[in-house]
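Q: Let me give you the structure first, and then I'll get to my questions.
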Amino acid sequence: MTTIDISQVSSLEELDALEEALNKEEEECDKKIDELLSNRSEIEFQLRTLSKKLANLKPVEAEAKHFAEVIRNTATLAEDVSAKVRVLDKAKNRVSECQQRVNDLLDLQQCSVGVATAMQNEDFEQAAAHVHRFLTMDENLLKHTAMDVSEGKNMDASFHKLHEAEQKLKQVVIAKFDEAVKDEDLASVERFFKIFPLLNMHEEGLGRFTTYLCSKLRETCQKNLTEAKLTRDKDKRASVIYADSLTLLFEAIARIVEIHQPLIETYYGPGRMLSVMEYIQKECDHQAKMIVDEFRKHRDFIRKIHIVTQYMNQKSETKIDPKELDLVLSELTLLNARTELYSRFVKKRVTNDVDVSITDESEKSEKLSNLDRLLKDGDTFRVMQVVLGQYILLEQYFMAESVQKAVEMDTLIEASSQESFVLSSMTDDVFFIVKKCIKRSLSSQSVDGVCAVINNACGILESDFADLLLSQLRQGFPSGYLDLAQAYSVLQSSFQHGKLQGSDIEKSRAHFVAYLNNTDTSMEYVTSLKSSLESSMNDSFGQHLTPYEKDKITSCLQGLASVNIRLKSVFEFGLSQLKSSAVKPRVKPWLDAFFHARTSYELDEDQFTDDSVPMQTFISDLDSILKSFKGCLSPSAYEAFINLVTTEIALQMEKSVLKNKFNRIGGLQLDKELRILVGYLTNATTWSVRDKFSRLTQMTILLTLEKVSEVADYWGKGPVTWRLTAQEVRQVLSLRSDFRSEDVKRLKL
Amino acid sequence: MEDYKFLFKVVLVGNAGVGKTCLVRRFTQGLFPPGQGATIGVDFMIKTVDINGEKVKLQIWDTAGQERFRSITQSYYRSAHALILVYDVSSQPTFDCLPDWLREIEEYANTKVLRVLVGNKTDREDREIPTYVGEDFAQRNNMYFMETSAKEADNVEKLFMEIAHALIEQAKVREPVSEYKGGAGPAIHVNSSRNNSASSESCCGRLL
Ligand SMILES: Nc1nc2c(ncn2[C@@H]2O[C@H](COP(=O)(O)OP(=O)(O)OP(=O)(O)O)[C@@H](O)[C@H]2O)c(=O)[nH]1
Ligand SMILES: [Mg+2]
C-alpha cells in the first residue's frame, strides 16, 4: 500500500487524483477481504485436520530417538568385542610362537645330541636331517628366548656343536661324494647327491653331480667315436657313422635327463633344469666338436669344400664329380637333423620346467632368453651352423654340376609310353635333380637350410635353365620347302639309330620342337614340384613348424611361381618363332589360293554350293600342318599352336574378305564356307574356336542381309555383342555391290 | 585374396652388429629392441605400406652378418628387388668391408636391383665415417645413400618409404614381359659351350 505524504499535495487537482487513487485502492482491498473471508471455512477445516495429525507425530519422534539409542549401543558393543578378539588373536599367535620356540629349543638340544650320534654312526642322512632342522631355526630369536628362561649356556653349547657339525658334515659329504665318483659307486653318488640340498648346498650338489654325469658322458662318447673311426667301409652304417656318433651323444644326454630329472626335482625342487643343461651343454659342445672334427677329417671334407669354393668363385677349373658328394651330403643333413631334434628336446624340457617353477613373468622371460642364447650361441650349435652353411654350398654345387651334366648328355626322347611327342632327356633329368636336392634339404630339418636350397634351385631354373631353353629356341624353326611331317619322321627314326638323322634343316626343326616341348613340360613340372614340396613340408617337419617358419618357407617356394613366369615368356617366344616361320608363310598363300579360286563372290543362285571345293582344299592343307604338329608337340603346346594358327587364319581371312566384292548369294556362300571351317577347327581342339571367328561371323551376318535397313534389327539390340565398330560395319556393308552406298552412308549407327 | 598392388623383396646385408635387425624392427614394429642378439640365418618380416594410395607389401629379409651364415644369405640376393647395404658410422672396419659386400652383390644379385647404402647409428658420439665419405662411396658405386639411427628413429621410415617409392616407379616403366638379366650363379654354364652362352646373353634383352 502506498504511503501518502499530504504535504506534497500542492493543488486541488493533485488532491482529486489522490482521492481517486485511494478510492480505487479501497475497492481492491474490499474485494480481497471478501475473497479471504470466503476461503475461511476451507482453511479452518484444513487447520483442524492438521492439528489432529500433529498429535499422531509425537509418538513417532519418540520411537526414532529410541532406535538411534539402540543402534549406538550395539555399535559400541561390537567394537568392544572385536577389540577383544584382536587381543585374543595376538595372544594366540604369541602362544604358538612361544610353542615353536620351545619346540625349537627342545629340538635344538635333540639335534645337537642326535647329530653327534648320527655322525658317529655314519648315518649322514640322519645327521643332515638334524642340521637341516637346525638351519630352519632363527638363531638370534632363540638366543633371546633362552636368555629369558636362563637356558643361555646350554643353548650356546648346542649351537656351537651344531655349527661344527654342519661344517663337518659338509666336508664329509663332499669328500664322500667325490670318493663315490672315484669308485664309480653309483648308489653312493646318488646317496650323497640327495644330502646336499639338506645342507643348503644346492648349487654345489648340482655342480658336482653334473660334473660326474658329464664324465660318464665323455667316456661313452670317446668309446663311440673310437669305434666309429674303426668302422669298415663295408658296414651298412659306414656312410653315416659320424651322424650316428652325434646321435649317440644326444641320446646319451636325453637319457641322462630322463633318468635324473625326477631325482633332481624331488630333492632339489623344480626350476633347476636350465642350470643342469648349462652344465651338461659344456660337455656336449666339447664332444660334438670332436665328432664334427673327425667327420671332417675322415670324409676329406676340407679338400672338398676347398675345391668347390674355388670353382664356384671361378678361381679354379678343378671340379669334383657330384656323385662323389652324394653320400657326404646325406650325412651333412643327418648331422644337422640330429642337432635340430636335440635342440627341440632341450628347449621343451627346460621351457616346461621354467613354466611350472617360475611365476614371475620377467624372471621367466629372462630364463627363457638365457635358454635361447644357450641354443643359439652354444658351440654345438655354432659348429652346426657352419656345417649347415657348408652343406648349402656343396648342395648348390651338386645341383649345378648335375644339371650341367644332364644338359651335356641331352638326347631327344619320346615323352612317355603313352605320349609320342618328343622332348629331350634334360627336362626330366633337371627336375629329378632339383627335386632330389630340395628333398634332401628337407631331411636337414633346418628351415634356413631348406629355404636356401629352394632359393638356389629357383636360381638355376629361372636363369640358367630358362636361358638354355631360350637360346635353343632362339635358333628358330627353319622354314623351307620341306614339311613338318618329315621332321617328325626324322625324330622317330632318330630313336632307332640313337642319333638325329636327316638333313640339317630337318634336324634343326626336330630340335626346335623338342625344346618347345621341353619348355612347356617344364612349366608343368614346376607346378607339380611346387605342390609336391608343399605337402612334403608337413610330412618332414610335422608339428614343429611355427606359423612364422611356415610363412618363410612358403615365401621361398613362391620363387617357383617366378620360375614359371619366366618359362612362360620363353614358351611364348618359341611360339612366336613358330608363327613367323611355320604358320604365317603358309596360311597366307593358302588363303590367297582360296580367295582366287573363285573369281568373284558376286554369284547367281545356281552358283551357290554346299560343299565348297576351295574350302576343302584349304582345310586339307591346314589339316596336314596340324596333323604333323599334333604328333610332335606336347598336348598343351599343341593347344597353344592351334590357338596361334586360328588367330592367324581369322586375321588373314578378315583382310582378304575386305578386299572382295559380294552380293547376297556370295555372302551366303562365304557364310557357308566359314561354318565349315569353324566346324573343322572345333573338332580339332578342345576349346571353343568360335570366339576367334566372332568378327568374321559378324561380317557374314552383314554380307547376307536382304536390305541395308535390316542392320537396325541387329545393331544395338538382339543377342549380338558387336565386335565390329560402326565404321567397320559401314565398310563391310559397302562390300555389297547390290547395296546403294547412299543407303549405307545414311545408316544411323 | 590379399589386398596389395605390389610385392617387393627387400634384403638387408652388411657386417655383423651394424644394426640391420634394429633398423627392421624400428620400421616394422616401431621399437628399438634392447639387447638385440645376433641374427641366426635369415629373419623375415612383412610390412604393407601405403604409397600414394597404393598398397605396397614389403617382404623384408634381414640377413645375419656373421661369416658362417654367408651361404644362407647369398641365396636371397638373386630375387631381391632392393638391397640395403648397411655399415656403422662409428666403426671404420664395417665401412672398409663395403667393397667386399659390393662384390657379393655384383656376383649374386640381379643387375637391376635397387641398391641403397645406409650409414647407421648416427646418434653415436664417436662417429668415424663423416657423411660425405659415405655419400661419395655411394655415388661412385651407383647407389642411393642415407644415414639413419635405428635408436632415435631417424630416417628409418623415410628409408623404407623411399625404397618402396623408387621400386614402384621402376615397376611402372618396366616392359610388360620382363627379361631376365644377370643373377647368373657362378658355377653353372648350362650351355655345352661356354662361349655360346656369352653370345646369347647379349641379345637376350632384345628378343624377350
Ligand atoms: N647407438 C645405436 N646403436 C644401435 C643402433 N642400431 C643398432 N644398434 C646396436 O647395435 C647392436 C647390433 O644391432 P643389430 O641390429 O643386432 O645388428 P645386426 O646388423 O642385425 O647384426 P647381425 O644380426 O649379427 O648381422 C645392438 O647392440 C644394437 O643395440 C643405432 O641406431 N644406434
Ligand atoms: Mg641382425
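Q: Checking buried surface per residue: for the range A:311-339, which residues lose a minimum of 40 Å² accessible area in the protein assembly relative to the chain alone (1.4 Å probe)?
A: A:Tyr311, A:Met312, A:Gln314
Q: Given a 1.4 Å probe, how much area per residue of the protein assembly as shown is accessible, in Å²?
A: Value returned for the protein assembly as shown: 52 Å² of accessible area per residue.
Q: Just want the answer: with Cβ charges of +1 for Lys and Arg and -1 for Asp and Glu, which residue in A:Ser463, A:Cys111, A:Ile43 is farthest toward the dipole's positive end in the protein assembly as shown?
A: A:Ser463
Q: Given the protein assembly as shown, what percent of its DSSP beta bridges are antiparallel, to the nearest 5?
A: Roughly 40 percent of the DSSP beta bridges within the protein assembly as shown come out antiparallel.
Q: Further question on the same structure: About its Cα centre, how strong a charge dipole does the range A:1-54 have in debye, to the nearest 20, once Lys and Arg get +1 and Asp and Glu get -1 at the Cβ?
A: It comes to approximately 940 debye.
Q: Sum up the charges of everything whose Cβ sits under 13 Å from the Cβ of A:Asn93, counting Lys and Arg as +1 and Asp and Glu as -1, but leave A:Asn93 out.
A: Working: positive: A:Arg86, A:Lys90, A:Lys92, A:Arg94, A:Arg101; negative: A:Asp89, A:Glu97.
Here the charged neighbours net out to +3.
Q: Once neighbouring chains are kept in place and the probe is 1.4 Å, which whole percent of the accessible area of the range A:148-270 is contributed by carbon and sulfur?
A: Numbers: 3380 of 6680 Å².
Carbon and sulfur atoms account for 51 percent of the accessible area of the range A:148-270.
Q: Quantify how strongly other chains surround peptide A:400-407 by giving the mean number of their Cβ atoms within 10 Å of each of its Cβ atoms.
A: 3
Q: While we're here: Counting only protein heavy atoms and rolling a 1.4 Å probe, how much accessible area do B and A lose on contact, total for both sides, in Å² to 100?
A: That pair of chains buries around 3600 Å² in total.
Q: Ignoring any ligand, DNA or RNA, what whole percent of the accessible area of the range B:10-174 comes from carbon and sulfur when the probe is 1.4 angstrom?
A: About 47 percent, which is the carbon plus sulfur part of the accessible surface.
Q: Relative contact order (percent) for the range A:665-749, with alpha-carbon contacts under 8 angstrom and 6 or more residues of separation?
A: Result for the range A:665-749 is 29 percent.
Q: With the Cα gyration tensor of the range B:10-174 giving a ≥ b ≥ c as the square roots of its eigenvalues, does the rule (a/c under 1.5 for rounded; else a/b larger than b/c for prolate; else oblate) give rounded, prolate or oblate? Could the numbers behind the result be given before it?
A: Working: a/c = 1.26, a/b = 1.17, b/c = 1.08.
Rounded.
Q: So what is log10(I(q)/I(0)) for the range A:339-427 at q = 0.11 1/Å, when the Debye sum runs over its Cα atoms only?
A: Listed by q, the Debye log ratios stand at -0.59.
Q: Another one. Using a Förster distance of 25 angstrom, determine the FRET efficiency expected from the C-beta separation of A:Asp233 and A:His306, and round it to 0.05.
A: Once rounded, the FRET efficiency stands at 0.60.
Q: Given H placed on each backbone N at 1.01 Å, which residues far from A:Ser424 in sequence or on other chains put an amide H within less than 5 Å of it?
A: A:Ile413, A:Asn518
Q: Can you give the three extents of the C-alpha atoms in the protein assembly as shown along their principal axes, from longest to shortest, in whole Å?
A: On the principal axes, the protein assembly as shown reaches 144, 139, 59 Å in Cα extent.
Q: Using only the alpha carbon atoms of the range A:44-100, find the Kirkwood hydrodynamic radius as the inverse mean reciprocal pair distance, in angstroms to one decimal.
A: In the range A:44-100 this quantity evaluates to 15.7 Å.
Q: Next question. Name the residues whose placed amide hydrogens come within less than 5 Å of the amide hydrogen of A:Glu602, ignoring near sequence neighbours (fewer than 5 apart) on the same chain.
A: Amide H neighbours of A:Glu602: A:Asn663.
Q: Other chains near A:460-468: what is the mean number of their Cβ atoms within 10 Å of each residue's Cβ?
A: Per residue, the average neighbour count from other chains is 6.
Q: Here's a follow-up. Considering the dipole of the protein assembly as shown built from charges on the beta carbon (Lys and Arg +1, Asp and Glu -1) around the Cα centre, which of A:Gly542, A:Ala514, A:Asn643 is farthest to its positive end?
A: Toward the positive end, the furthest listed residue is A:Ala514.
Q: Extension gain A:Arg255-A:Ser737, at 0.36 nm per residue separation less the Cα-Cα distance, in nm? Walk me through the numbers before you get to the answer.
A: On the way: separation 482, 0.36 × 482 = 173.52 nm, distance 9.97 nm.
Contour length minus the Cα-Cα distance gives 163.5 nm.
Q: Now, a different point. Which FRET efficiency, nearest 0.05, do A:Thr686 and A:Glu414 yield, Cβ-Cβ r, R0 22 Å?
A: Efficiency at R0 = 22 Å is approximately 0.50.
Q: Something else about it: Classify the range A:198-250: rounded, prolate or oblate, from the alpha-carbon gyration tensor (a ≥ b ≥ c, eigenvalue square roots; a/c under 1.5 rounded; otherwise prolate if a/b is larger than b/c)? Working shown, then result.
A: Details: a/c = 7.27, a/b = 3.96, b/c = 1.84.
Prolate.
Q: Under the Cβ-under-4.7 Å rule, which cysteines of chain A stay unpaired?
A: Among the cysteines of chain A, those whose Cβ sits 4.7 Å or more from every other are A:Cys29, A:Cys98, A:Cys111, A:Cys214, A:Cys221, A:Cys284, A:Cys437, A:Cys458, A:Cys632.
Q: How high is the FRET efficiency from B:Arg70 to A:Glu184, r the C-beta distance, R0 35 Å, rounded to 0.05?
A: 0.15
Q: Okay, next question. How compact and how long is the range B:63-160, expressed as Rg and Dmax of its alpha-carbon atoms in Å?
A: Final numbers for Rg and Dmax: 13.3, 37 Å.
Q: I'm checking a number: the convex hull volume of the Cα atoms of the range A:214-310, normalised per residue, in Å³. What is it?
A: So the per-residue Cα hull volume is 108 Å³.
Q: Multiply the residue gap between A:Ala68 and A:Glu278 by 0.36 nm, knock off their C-alpha separation, and tell me the result in nm, one decimal place.
A: Extra length available between A:Ala68 and A:Glu278 comes to 68.3 nm.
Q: Please report, to two decimal places, log10 I(q)/I(0) for the range A:533-595 at q = 0.13, 0.16, 0.25, 0.29 Å⁻¹ as given by the Debye formula with identical point scatterers on the Cα atoms and no solvent.
A: -0.58, -0.68, -0.98, -1.10
Q: List, by residue number, every residue in the range A:425-453 with a reduction of 50 Å² or greater in accessible area between the chain on its own and the complete protein assembly, 1.4 Å probe.
A: By number: A:Asp448.
Q: About the Cα centre of the protein assembly as shown, how large is the charge dipole given +1 on each Lys and Arg Cβ and -1 on each Asp and Glu Cβ? Please answer in debye to the nearest 20.
A: Dipole magnitude for the protein assembly as shown comes out near 4360 debye.
Q: Projecting each Cα onto the charge dipole of the range A:248-331 (Lys/Arg +1, Asp/Glu -1 at the beta carbon, about the Cα centre), which of A:Ile307, A:Ile259, A:Pro322 comes out farthest on the positive side?
A: Projecting each Cα onto the dipole axis, the largest value belongs to A:Ile307.
Q: In the range A:621-749, carbon and sulfur make up what percent of the accessible area (probe 1.4 Å)?
A: Carbon and sulfur together cover 52 percent of it.
Q: On to the next question. Let me spell out the model: positive unit charges on the Cβ of Lys and Arg, negative unit charges on the Cβ of Asp and Glu, origin at the Cα centre of the range B:10-174. What dipole size does that give, in debye rounded to 20?
A: 640 debye
Q: Still on this model: Run through the range B:1-55 and list the chymotrypsin sites (Phe, Trp or Tyr not before Pro) located in a DSSP loop whose Cβ has at most 15 other Cβ atoms within 10 Å. Could you put the intermediate results ahead of the total?
A: Details: sites: B:Tyr4, B:Phe6, B:Phe8, B:Phe27, B:Phe44; in loops: B:Tyr4.
Here the sparse-neighbourhood loop sites are B:Tyr4.
The values are calculated or read from the model by the stated rules, or taken from the named source; none is laboratory data. Source: prediction; values computed, not measured. Cβ: placed from backbone, ideal geometry, glycine included. Neighbour counts: every protein chain shown. We work out accessible area using only protein heavy atoms, side chains counted, and drop any ligands, DNA or RNA first. Shrake-Rupley method; radii C 1.70, N 1.55, O 1.52, S 1.80 Å.
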